[in-house]
């Protein structure tokens, strides 16, 4: 396939010849007062996702969007190539449970990956769980899997249509049969087993069926389910009715000595409580008071002391020993001191610690003893992302995965004693990875901060200002954007595009200081970084503004919405996906309240002042020519409710005065992204890339 760029004049004539008529959206007289400022909210009615009026509006918008996309002459060719690229075997790393190894596999175009098991590494694989049998259209997905201590039972979690609500089903591994009732109303929870007796899990009260996808989530609680009993008899372990807007999760140390509770008031900061399960009369004691730091328990050292990863007095994190009987900070013992690089996670296996650090957004892994002695650095294939450094205490080896932008996920078997990594399974695709390269560059943001970004394209691409660019970012919630392979992005690279990822402030690429530099009153730094990246790419002739598209999802959708409203002149195409776009009301829906520690809230005077300045919905101005925009969301998104995208689309279509299309694509039976079946992923990717290419003046052959 070859890519051709149309002349700018021809491009504009094509766009102008297909003027769109957007569905009419009624406006209502709704206003809110914020500290002396009155804010109109004329599209408030779109927040009711159950109303017939909203459903009619959704259908009308989807009709217009579908008609526009169907007129793109090369869309069928885009989908065909995406289907070809997607059709390759995809494996997950094996995990050992009892006599079996369990792993996931997708033959290529299966809607959901199938879970297999085999006895030993040389055994014959057999199907253990096939989520494709859960539903006819592949919209019910496996959301979690946990095994009891002696691999007697397994509990698997399923989610429908992309919702965060989950159910857990318990299976007897000897008979292969379900053993008791389905455990319902689980949300934001793992499964923590205690022997083969049962497990701890977190759930909310029974939700109202009509509002379960939008109503604010309150009163998270921890229960213990005993195998062979009904959920109604589950034992309540923890509740906090004085703080309904807190979440709580439970973990058990590998040796089952300690039960750990982690409570949060948002997405940053948590408090740890601990209970000694060997002491039958013991109660929970506070290990680390919250919510100013982000500690997590790594393991019990076998002597009544807990190993903990913490950023207490260490923004890049360190590992300490804490005695639950003497938990004061003054009694902590540092095992692994803070480094210049951020300590992202600590895994355990074979009696060792495996510490994963980030060096300029790429993984570095070191093996330590439990006493903090460095054993070795694990040699990785290059710049990229490695994950999976964990196993059981008695294991001699484990599997991990390495990937980068041009390196499809490869599974390695790591020998703990020798430190040797050997390729266990290499991914084979129709994409010629060797024909592409990734460069890391650094640019200076508006306030003088040095910011890195990864640029991936065909080897030897020219700096002549004619490269189509997809610029991607996230910038929030302490989440790093590290190199990873995407078959959808591989299609873009094949078309001669550059794929650029910016390591914005707000993430944790450089520890808590980097995170705080892009949150609350400093959130504008994130947008300045992204805009600065675009300006750098143009100034250094990677591209020009007529060939520049921007993309981001969730918090990244906020990023795109903010940047396209602050600098509509800088970008040709904008792709805000499942975005947080109404910064004045986000906290009123589902789990939105938990993001207040990141964003602030509009009902706090000083926080309202900076939220209103960048809230994408409220930044839109009449008469402005905005970039060609394809907003994407889904009807079952109960993380960032679709009302954000609905209201933004309605206001954008009202305000926009340019020729470029401003559309919304609303997926059905899908959510925030997790568990989306392959068929829906390919359809969405075909629509997005076709929209991008059409509006950058590209064609495909």
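Computed quantities for the displayed model
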| item | result |
| --- | --- |
| Boolean, residue 392 is surrounded by fewer than 19 Cβ atoms within 10 Å (Cβ to Cβ), more than 25 Å from the chain's Cα centre (by Cα) and modelled with pLDDT of 95 or more | yes |
| Checklist (1) more than 26 Å from the chain's Cα centre (by Cα); (2) over 21 Å from residue 278 (Cβ atoms); (3) free of Cβ contacts under 8 Å to residues at least 40 places away in the same chain; (4) surrounded by fewer than 18 Cβ atoms within 10 Å (Cβ to Cβ) applied to residue 226, failing item | (2) |
| For residue 470: the one exception among (1) surrounded by fewer than 18 Cβ atoms within 10 Å (Cβ to Cβ); (2) outside any loop (DSSP other than H, G, I, E, B) | (1) |
| Of all residues in segment 157-172 being surrounded by fewer than 21 Cβ atoms within 10 Å (Cβ to Cβ) and within 21 Å of residue 98 (Cβ to Cβ), the one that is nearest to the chain's Cα centre (by Cα) | 157 |
| Scope segment 181-219; condition farther than 25 Å from residue 634 by Cα and part of a loop (DSSP other than H, G, I, E, B); matching residues | 181, 182, 191, 195, 196, 197, 219 |
| Subset of segment 586-597 (residues that are touching a helix residue (DSSP H, G or I) at 6+ places or on another chain (Cβ under 8 Å) and assigned to a loop (DSSP other than H, G, I, E, B)) | 589 |
| Counted residues, segment 17-36 - those being in contact (Cβ under 8 Å) with a residue 12 or more places away in the chain, farther than 15 Å from residue 650 by Cβ and out of contact with any helix residue (DSSP H, G or I) (no Cβ under 6 Å at 6 or more places or on another chain) | 4 |
| Answer from 433, 404, 445, 421 - the residue that is surrounded by 15 or more Cβ atoms within 10 Å (Cβ to Cβ) and over 26 Å from the mean Cα position of the chain (by Cα) | 421 |
| Single match in 581, 575 (criterion: assigned by TED's automatic domain parsing to the domain that holds residue 674, at pLDDT 95 or above and more than 19 Å from residue 501 (Cα to Cα)) | 581 |
| Flag for residue 294 being buried (at least 21 other Cβ atoms within 10 Å of the Cβ) and either at pLDDT below 95 or in a loop (DSSP other than H, G, I, E, B) (or both) | yes |
| Residue check, residue 479 touching a helix residue (DSSP H, G or I) at 6+ places or on another chain (Cβ under 9 Å), in contact (Cβ under 8 Å) with a residue 12 or more places away in the chain and more than 23 Å from residue 699 (Cβ to Cβ) | yes |
| Hits in segment 49-68 (condition: in contact (Cβ under 8 Å) with a residue 60 or more places away in the chain and touching a helix residue (DSSP H, G or I) at 6+ places or on another chain (Cβ under 9 Å)) | 49, 54, 57, 58, 61, 65, 68 |
| In segment 423-445, the residues that are farther than 20 Å from residue 485 by Cα and in a strand (DSSP E or B) | 442, 443, 444 |
| Residue within segment 37-46 that is outside any helix (DSSP H, G or I), within 28 Å of the chain's Cα centre (by Cα) and touching a residue at least 24 places away in the same chain (Cβ under 8 Å) present | no |
| In segment 346-363, the residues that are within 22 Å of residue 509 (Cβ to Cβ) and surrounded by fewer than 18 Cβ atoms within 10 Å (Cβ to Cβ) | 359, 360 |
| Number of the condition not met by residue 649 [criteria: (1) within 19 Å of residue 490 (Cβ to Cβ); (2) in contact (Cβ under 8 Å) with a residue 60 or more places away in the chain] | (1) |
| Any chance residue 202 is over 30 Å from residue 51 (Cα atoms) and surrounded by 21 or more Cβ atoms within 10 Å (Cβ to Cβ) | yes |
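The values are calculated or read from the model by the stated rules, or taken from the named source; none is laboratory data. The structure presented is a predicted model; accordingly, all values stated were derived computationally and were not measured. Glycine also receives a Cβ, built like all others from the backbone with ideal geometry; neighbour counts cover every protein chain displayed.
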